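Only one structure is covered here, and it is reproduced in the block below.
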């Protein structure tokens with residue numbers, strides 16, 4: 001990515017896409033703080049990376065509790081922040097009939113409002129960086145929908161719009177803000193789905209590559225957006241979905 005050592009915070013890094021992104025930055029020689037809710041699991045992931053000779057520190061904290069504290073703790077550990085990759089979110093796959101107003105608001109509070117609070121808290125450090133990078137991991141659900149999933153879809157659409165807004169507001173500070181929109185990836189929450197022949201039949205029709213994404217295939221998108229090669233890429237969403245959203 002670069003010969004310079006960057007200071008990186010990755011949220012949602014206990015498992016899945018966030019973990020693969022954090023691993024990729026660490027293995028590129030960057031100093032990485034991994035954030036998630038499961039302290040023992042995070043420590044195990046960091047220990048694995050340290051055994052490989054990389055810098056990795058665990059920060060166990062729930063995004064919904066105090067996102068500002070996550071930004072402060074990571075900056076204290078690293079001596080500042082150059083890159084924030086925000087991959088943490090929650091999911092509530094209930095239909096509109098079953099999902100009442102408070103439940104809808106609770107999901108938006110974590111996926112959107114807490115994301116804003118985290119980004120806002122990290123901005124002073126990112127602005128001080130010679131080339132700050134803020135990257136939101138959203139979803140193809142930000143632009144296309146699958147029933148029933150109203151809260152998740154709304155939160156990801158809002159997060160993608162937030163990325164564009166911050167990109168416009170803070171571009172003059174040499175800070176780029178972009179998003180990555182993953183499609184269907186084999187992660188722990190949907191591993192059973194990935195083994196269902198009926199779901200595979202859907203994949204065969206809807207995704208031109210006719211397969212699920214592998215978690216490690218998301219990391220290059222984050223490395224690119226954080227790299228000098230993406231210094232003029234600002235306010236965009238990089239879709240990584242095997243062509244699903246391109247197909248009618």
Any chance residue 64 is assigned to a loop (DSSP other than H, G, I, E, B) and in contact with a strand residue (DSSP E or B) (Cβ under 9 Å, 6 or more places away or on another chain): no
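Going residue by residue through region 187-204, is there one that turns out to be on the phi < 0 side of the Ramachandran plot and in contact with a strand residue (DSSP E or B) (Cβ under 7 Å, 6 or more places away or on another chain)? Quick ask: steps written out before the conclusion?
As a first pass, look at region 187-204 and keep what is on the phi < 0 side of the Ramachandran plot: 187-204.
If we keep only those that are in contact with a strand residue (DSSP E or B) (Cβ under 7 Å, 6 or more places away or on another chain) too, we end up with none.
No, because not a single residue in region 187-204 is on the phi < 0 side of the Ramachandran plot and in contact with a strand residue (DSSP E or B) (Cβ under 7 Å, 6 or more places away or on another chain).
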In region 107-132, residue surrounded by the most Cβ atoms within 10 Å (Cβ to Cβ) [restricted to those that are touching a helix residue (DSSP H, G or I) at 6+ places or on another chain (Cβ under 8 Å) and assigned to a loop (DSSP other than H, G, I, E, B)]: 132
Go through the residues of region 13-32 one by one and say whether even a single one is modelled with pLDDT of 95 or more, assigned to a helix (DSSP H, G or I), more than 30 Å from residue 146 (Cβ to Cβ) and out of contact with any helix residue (DSSP H, G or I) (no Cβ under 6 Å at 6 or more places or on another chain). yes
Considering every residue within region 83-90, establish whether at least one is in a loop (DSSP other than H, G, I, E, B) and more than 19 Å from residue 11 (Cα to Cα). no
With the requirement that a residue be in contact with a helix residue (DSSP H, G or I) (Cβ under 9 Å, 6 or more places away or on another chain), surrounded by fewer than 18 Cβ atoms within 10 Å (Cβ to Cβ) and either on the phi > 0 side of the Ramachandran plot or in a loop (DSSP other than H, G, I, E, B) (or both), what does region 39-61 give you? 52
Residues in region 91-105: is at least one on the phi < 0 side of the Ramachandran plot and surrounded by 19 or more Cβ atoms within 10 Å (Cβ to Cβ)? no
Which count do you get for residues in region 117-137 that are more than 17 Å from residue 6 (Cβ to Cβ) and under 13 Å from the mean Cα position of the chain (by Cα)? 4
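Before we move on, is residue 75 on the phi < 0 side of the Ramachandran plot, under 16 Å from the mean Cα position of the chain (by Cα) and either assigned to a loop (DSSP other than H, G, I, E, B) or surrounded by 16 or more Cβ atoms within 10 Å (Cβ to Cβ) (or both)?
In short, no.
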Within region 187-206, residues in contact (Cβ under 8 Å) with a residue 40 or more places away in the chain and crowded, with 16+ Cβ neighbours inside 10 Å come out as 187, 206
Flagged in region 91-106 as in a helix (DSSP H, G or I) and either free of Cβ contacts under 8 Å to residues at least 24 places away in the same chain or within 16 Å of the chain's Cα centre (by Cα) (or both), in numbering order, are 101, 102, 105, 106
Near pairs, Cβ below 6 angstrom, 6+ apart or cross-chain, from region 225-246 (on the phi < 0 side of the Ramachandran plot and surrounded by 13 or more Cβ atoms within 10 Å (Cβ to Cβ)) to any residue that is in a loop (DSSP other than H, G, I, E, B) and modelled with pLDDT of 95 or more: 240/218; 241/183; 244/183; 244/207; 245/144
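The values are calculated or read from the model by the stated rules, or taken from the named source; none is laboratory data. None of the values given here were measured: they were computed from a predicted structure. Cβ sites come from the backbone with ideal geometry, for glycine too, and all protein chains shown count toward neighbours.
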